[in-house]
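These notes are about the structure you will find just below.
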Amino acid sequence: MSEDLATLRQEIEDTPLGTEEAIDGFRIRFLSRKQGVITALMKRIPDIAPENRKTYGQDVNALKQRVEARLEEAQQALSSSNAPGTDQTDITLPGRVVPEGSLHPLTQTMDLIVHAFSSYGFQIAEGTEIEDDWHNFTALNFPEDHPARDMQDTFFIEEGKTLLRTHTSPVQIRVMKSQPPPVRVIVPGRVYRNEAISYKSYCLFHQVEGLYVDQGVSMADLKHILHAFARTLFGHDVRMRFRPSFFPFTEPSAEVDIWWPDPDLPGGGRWLEILGCGMVDPNVLEAVDVDPEVYTGYAFGMGVERIAMLRYGIDDIRTLYENDVRFLKQFKS
Amino acid sequence: MIISANWLSAYVHHGLGIDALENLLTMCGLEVDGLEQIGSDLDGVVIGQIEHTAPHPNADRLTCCTVSLGTGNPLQIVCGAPNVAKGQRVPVATVGTTLLLPDRNDPARKTPVTLKKVKLRGEFSEGMICAEDELGLSDNHDGIMVLPGDAPVGESFARWLAEQRVSVHDHAIDVAITPNRPDAISHIGVARDVAALVASPLRLPEVAVPEPGGAAADRISIDIEAPELCHRYVGMVVTGVRIGESPAWLKQRLTAVGLRPRNNVVDITNFVMHECGQPLHAFDLAMVEGRRIRVRATRTEQAFVTLDDKERRLPEGTLMICDGAREVAIAGVMGGQNSEVTDETTDVLIESAWFEPSSIRRTAKALSLQTDASYRFERGVDPTGQAWAAARAAQLMCELAGGTLVDGMVDAHPTPYEPRSVHVRGERARAIIGVDIPVERVEGLLAAIGCTPVRLEKDGFPGQDTPVWDVTLPPYRPDMEREIDVIEEIARLHGYDNIPEPERSSIPNFTPDPDLERGLKARVRSQLASRGFREIYTNSMLPVEKAQAFLDPALPAGQLGERVVETLNPITTEMAALRPSLLPGALDAIRFNRNHGRRGVRFFELGRVHVRKQSDRSVIDGFTEIETLLLAASGVWKKQGWTGSERDVDIFDIKGHVEAIFASLRLVGVRFLPADGPFPQLARMEWDNTYMGIIGCTYASDVTGQAVCFAELDWDAVSAAALSLGTVRFERISRYPRVDRDLALVVNKQVPVGTLLADIVEAGGDLLMDASVFDVFEGGQLSEKERSVAFSLTFGAHRTLRDNDVDTAVTRILEAVATKHGAQLRA
């Protein structure tokens, strides 16, 4: 090795490489394409006498490898000084804030209900909020001038013809008119009632209704599916009761209560109504050209607000439409 | 409807405590909505005899009494009543008794008080001799209640009262009557269900129903001129009544169900209505001109004064009761002032009729006047019950008002009731209910509510393993017509809780189409929630003027029509129209939160908006309803923190989120076209030349005056576009390195960057993989008309790119932007 190369070798070994700047300077001094010392030595290879060329090449190459090795060591040493325990970062400073959003409690409750029934093989259908009298009332066996119509105070848009749907049942009629049985469908949506606004009623609310029409469907099947649902929503030891009621579109009709434990009450709790249901009235099946002698079916419907209020302990329905962030932020997503 | 538990017990021995009765009613479809205890049970009140009296040594108006309760251990009781005297038999509340004592200033307010042994002005008093008001028997507080001399000393006062048919302790049961159960709007009707369920006989009062005709027919005549609206009209006459107060037991019955006693005759008609469900009306016979009743509908609109002294406008076609000269009552709704029973009345005509339900309902609705009578008629009263009810009332008027029954009755009956029957198949009942109920039980349950099931010969019904019945239906159940109605009764009386759930149920062998649209909605909702937006639900109804203001052609619904949808019968003018946009609701929510001190909000809502216009999206003729997605943000967007300073939202924050939504739906190349409209910074969004929505800025009118940046997307259009793309097709990933090039272009400020970028993408050809804006610069050496826009371009291909491949593409881009916009490479 020539003396020049030996001096260079010394320099390579001795240059301190403790900082980013020193490393960069070292790299440029030796390896830069234009002014690097090693690069220049490499470029001189063709000028070396052929008999010395091999040794010279090996020597220069060895120097280059040393440069690269030192660079790598230095780089590693530098970055390892940023490792845990050795750095100056105050990790207790709060992280950069990611803004928090939320899904409305009605969306969350509706999703819960819809997912439960989807898992029992129900398809999902939706319809319009503006409906006609035939789909909302007549086809559902509400006679004209009958007190049954008082059960659902209606907003009319055109006298006796167009209205805001009072329930999502008209969608069931539309589904049955568009496909032959079996029909196994669940219908979520917004409905309207012309009632005074108070802590327990609002001019609109949301429903999820279900319908199953097939051969051999009975009330026992209805009890089965609704009990399954009650367990999904309220836990495996939920107590449930069916009591007779009246809806024009089902017969027999029932309302379903669940037992809501409350140690402050005299009986240790109370029964709370969660939904209405029944066997589809033959008049309804006939209205959609389904033979009630061949097919039977059940239907059920529930108010999403009522279930949400029960689940979350909300005592005033109007809070759900106020959109106060202090309320919304409690529900996360 | 209120049912008195005591009154109910008059018709059925059920032996149930009040809680068990409540449960039984609720579980048979007569839902108990409320239960109120009436009066004290008087437990601890016994009959005593005053053995000795002496003036109180320290008080002039008090008397010290020695009272025997028949135990041989007399009590000393201090009494303040003026009428107390030796030898009287009196009700004595002993120590420990709880009485509901009336407030002296407000006798209607009662508070429970438990008696203790006390010292009154130095003398012991071990109980209280009671006045009627203290026992809940009346409002009388003039003196102590003095009982007859034969009242047994030592006996429970409550038991003695019960023997006198008086009970002060009762429960008012509020039963929610469903529209299908007109039969249950009476005590007998409810008792019938109770009797059926506890298998005990229904006990009805003995009533002698007269034969039609007789002397009554000479006193009055009845003509039904509208037989389709009045199927039956029974009239009975009672003469010589003395109008006065009703006896205590009758008043108690009425107050228990929430009625105010008036006079004996009116009270009796109300009593009978609540007993059997048949509304009755009592006319002062002297006021019935020509002793003649005619039933007919009005032919013109006219006025009539009802017995509540109000003049009412009757629409044409109102069914009226008329005498020989004029109208005397609105049929089935309310009597007239001109013929009502007064203190001077001596002769009474009792009306007991059957009116067509829908006619009564129309009248009651038109007059906004629902009465106990109309409530029952519009649901349908028993068409066979008129004579019984009239005779029952007549009998009570004779007993309680000293009247004399005029023999016979007038029974105008143009439309006689035809007994109805229906075939009911046991098999069908099993199919609907899902359980086999023994034949005998079915027959027993039906018989208990007044049906007559007759088993038919099996031969006529091949394939039926269980019996087929011909069931005669009770006249008081107009809701029962069809086989299914009878099956419902079987299930109801058997008990829904006795229907077992199957171990397993099958589900139909069909696969519903996956609900992709709903899936997209769920995805965009959760994406927005995780990007910091809060979901809101706003009212769909708002004032007409406000709705009209938001029906702007820039917004999704405004694209489709110019008229808002109004309701005919809004609750208030504040809610008379349906929202044409989700924006007004969000602005309200922003204002609400700002007023509550919130400095920054970001909201979204997915909901339906409406416009009165026929379109290709109409489901109901003349109306278009679409779903839109609204994003709205205002105030602080980024909070002050140690890593950066606070700043407010601007339109590019919202635009970024909208672009993220489009990107997640794989809608590439959505164009934002600057648009004119009522809002600043407005742009229409289009994809594949289809309108997708709008973004812009507006203000929520409030003190802060801060801008609200928003976007409203026509979600139906966005969703359809996204679904049109189908499933993702995998694209092979290039193994070759990409080449990055930056271009800084100097261009006139008037040239929109979006246009420039679109032209670059177009000119870049297949090799251009990605293009984005990384800097916009004005000033410096640039002229005032110019700005510099820097783009970062990435080229790639499934092969090694050569320098001149990229150079060719860049040249093509530079030529394109130079030709179209005069853009030059920045020096």
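A short reminder: the numbers here are calculations on the coordinates, not readings from a lab. What you see is a predicted model, and the numbers here were worked out from it, not measured in a lab. As a convention, Cβ positions derive from the backbone with ideal geometry for all residues, glycine included, and neighbour counts pool all protein chains shown.
Summary value for region A:2-82: 33 percent relative contact order, contacts being C-alpha pairs under 8 angstrom separated by 6+ residues. With 0.36 nm allotted per residue and the present C-alpha distance subtracted, the B:Arg598-B:Leu723 stretch has 41.2 nm of extension available. R0 = 35 Å: FRET efficiency of A:Glu195 with A:Trp134, Cβ-based, nearest 0.05? Computed FRET efficiency for A:Glu195 and A:Trp134: 0.90. The separation of region B:272-305 from region B:40-87, counted between C-alpha centres, amounts to 54 Å. Positive contributions from Lys and Arg (+1) and negative ones from Asp and Glu (-1), summed over other residues with Cβ under 13 Å from the Cβ of A:Gly216, come out at -2. When both region B:646-681 and region A:300-331 are represented by their alpha-carbon centers, they are found 31 Å apart.
Dividing the helix sum by the residues of chain B, where each DSSP H run of 4 or more adds -39500 (n - 2.57), gives a mean residue ellipticity at 222 nm of -8000 deg cm²/dmol. In chain A, the ratio of gyration radius to Kirkwood radius, Rg to Rh, stands at 1.47 when only Cα atoms are counted.
Mean projected area of the Cα convex hull of region B:739-825, taken over all directions, amounts to 5.3 nm². Computed over region B:216-412, relative contact order equals 35 percent, with contacts defined as Cα pairs under 8 Å that lie 6+ residues apart.
Quick check of the Kirkwood formula: for region B:516-723, what is the inverse mean of 1/r over all pairs of different Cα atoms, in Å? Present the calculation step by step, with values, prior to reporting the outcome.
Numbers: mean 1/r = 0.0572 Å⁻¹.
Averaging 1/r across every pair of different Cα atoms and inverting gives 17.5 Å.
Each residue, B:Gln548 and B:Ala447, gets one label point 7 Å from its Cα in the Cβ direction; the gap between the two is 7.1 nm.
The mean sequence separation of alpha-carbon pairs under 8 Å and at least six residues apart, normalised by the residue count of region B:516-723, gives a relative contact order of 18 percent.
Given R₀ = 60 Å, what would the calculated FRET efficiency be for A:Leu272 paired with B:Glu646, taking r from the Cβ atoms and rounding to 0.05? FRET efficiency, A:Leu272 to B:Glu646: 0.80.
Using only Cα coordinates, the Kirkwood hydrodynamic radius of region A:29-188 works out to 24.8 Å.
Calculated FRET efficiency, B:Glu211 and A:Asp291, Cβ-Cβ r, R0 45 Å, to nearest 0.05? Could the numbers behind the result be given before it?
Details: r = 50 Å, r/R0 = 1.11.
The formula returns an efficiency of 0.35 here.
Jot down the per residue volume, in cubic angstrom and as a whole number, of the convex hull over the alpha-carbon atoms of region B:420-494.
Spread over its residues, the Cα hull of region B:420-494 gives 79 Å³ apiece.
From largest to smallest, what semi-axes in whole angstrom does region A:2-82 give when each is the square root of 5 times an eigenvalue of its alpha carbon gyration tensor? Whole-Å semi-axes of the equivalent ellipsoid: 27, 12, 10.
What translational diffusion coefficient, in µm²/s and rounded to a whole number, does the Stokes-Einstein relation yield for region A:272-312 at 20 °C and a viscosity of 1.002 mPa s, taking the hydrodynamic radius as the Kirkwood radius over Cα pairs? Display every interim value, and only then the final one.
On the way: Rh = 12.0 Å.
It comes out at roughly 178 µm²/s.
Checking the cross-link pairs A:Lys161/B:Lys613; A:Lys34/A:Lys64; B:Lys310/B:Lys365; A:Lys329/B:Lys546; B:Lys749/B:Lys820 against a 18 Å limit on the alpha carbon distance flags A:Lys329/B:Lys546 as lying beyond it. Here the scattering of region B:559-678 is modelled by Debye summation over its C-alpha atoms, one equal scatterer each and no solvent; at q = 0.10, 0.16, 0.23 Å⁻¹ the log10 of I(q)/I(0) is -0.46, -1.02, -1.35.
Beyond 13 Å, what share of the Cα-Cα pairs of region B:664-714 remains, rounded to the nearest whole percent?
Details: 778 of 1275 pairs.
Result for the distance tail: 61 percent.
Computed over the alpha carbons of region B:298-415, Rg followed by Dmax gives 15.0, 43 Å. Region B:192-254 and region A:1-64 have their alpha-carbon centroids 126 Å apart. Computed over the alpha carbons of chain B, Rg followed by Dmax gives 41.9, 133 Å.
The protein assembly as shown: D in µm²/s via Stokes-Einstein (Kirkwood Rh, Cα pairs, 37 °C, 0.692 mPa s)? Can you show the working numbers first?
Values: Rh = 37.9 Å.
The Stokes-Einstein estimate is 87 µm²/s.
Under a 10 Å cutoff between Cα atoms, tell me which one of A:Val294, A:Val217, A:Val208 has the largest fluctuation in the Gaussian network model of chain A. Maximum fluctuation in the GNM of chain A, among the listed residues, is at A:Val294. For the residues of A:185-197, the average number of beta carbons from a partner chain within 10 Å of their own beta carbon is 2.
Kirkwood Rh over alpha-carbon pairs of region B:467-622, then Stokes-Einstein at 20 °C and 1.002 mPa s: what D in µm² s⁻¹, rounded to an integer? Walk me through the numbers before you get to the answer.
Numbers: Rh = 21.2 Å.
D = 101 µm²/s.
What the Cα atoms of region B:216-412 give is an Rg and a Dmax of 15.4, 45 Å. Pairwise Cα separations in region A:232-333 fall into 5 Å bins from 0 onward with the following percentages, short to long: 2, 10, 15, 16, 14, 14, 11, 9, 5, 3, 1. Percent of Cα pairs in region A:163-276 per distance bin of 5 Å, from zero to the largest separation: 2, 9, 15, 19, 21, 16, 10, 5, 2, 1, 0.
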